[in-house]
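K.L.:
Structure in structure tokens, see below.
Readers should treat all values here as calculations from the given coordinates under stated rules, not as data from a laboratory. Just so it is clear, the model here is predicted, and its values are computed rather than measured. Neighbour counts are summed over all protein chains in view; Cβ atoms, including those assigned to glycine, are modelled from backbone coordinates with ideal geometry.
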Amino acid sequence: MVRNYLRQLTRDPSLADDLAQETFIRAWDKMDMISSGNRFSAWLMKIAHNMFLQSYRRAKRYGRLMEELEQDTDVMTPVENSPISGEGSLDMPKYLSILSAEERSVMLLYFVNDLTHSEISEVSGLPLGTVKSHIHRGKFKIREHFELKDADMV
């Protein structure tokens, strides 16, 4: 789950693998900090999300890579067992390419990693209302841009 999420965010398998490894090392070091009210997967995804953000900030490549993500949709592979249903689910990389980085991240956490709105809010640091707005707006953008019916996606 962590590796898939990072691969889809970075679209660079080796970088994603490195970030996933760093995520698990960080999680191991901070295992005592998980609270009993949190789902382990949401806590782990928050660490992965933070590792992703730190990586790009530290390297000062974030802006350039986001531009590449907007232009290149061929690198990302469809995720098996995605909750996005219908024939169009194989075009998920194409669908996600029209979204902003924040919308794409939220949509991946929701549809691919099956996190709740609250968990996505915790992982991303976005307010709950913003998470819901990103999901709603992302679905609307995809439907409008690709002229999909509700049954074709989600």
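K.L.:
Which lysines have a Cα less than 25 Å from the Cα of residue 30, not counting those fewer than 8 places away in the same chain?
P.N.:
46
K.L.:
Calculated FRET efficiency, residue 39 and residue 144, Cβ-Cβ r, R0 30 Å, to nearest 0.05?
P.N.:
The calculated FRET efficiency here is 0.35.
K.L.:
By counting other Cβ atoms within 10 Å of each Cβ, how are 102, 144, 22, 119 ranked from fewest to most? Present the calculation step by step, with values, prior to reporting the outcome.
P.N.:
Working: 102 14, 144 10, 22 17, 119 21.
Arranged by neighbour count, lowest to highest, 102, 144, 22, 119 become 144, 102, 22, 119.
K.L.:
Within 10 Å of each residue's Cβ, count the other Cβ atoms and sort 115, 96 from fewest upward.
P.N.:
96, 115
K.L.:
Give me 114, 12 ranked fewest to most by other Cβ atoms within 10 Å of their Cβ, as a rough exposure proxy.
P.N.:
In order of increasing Cβ crowding within 10 Å: 114, 12.
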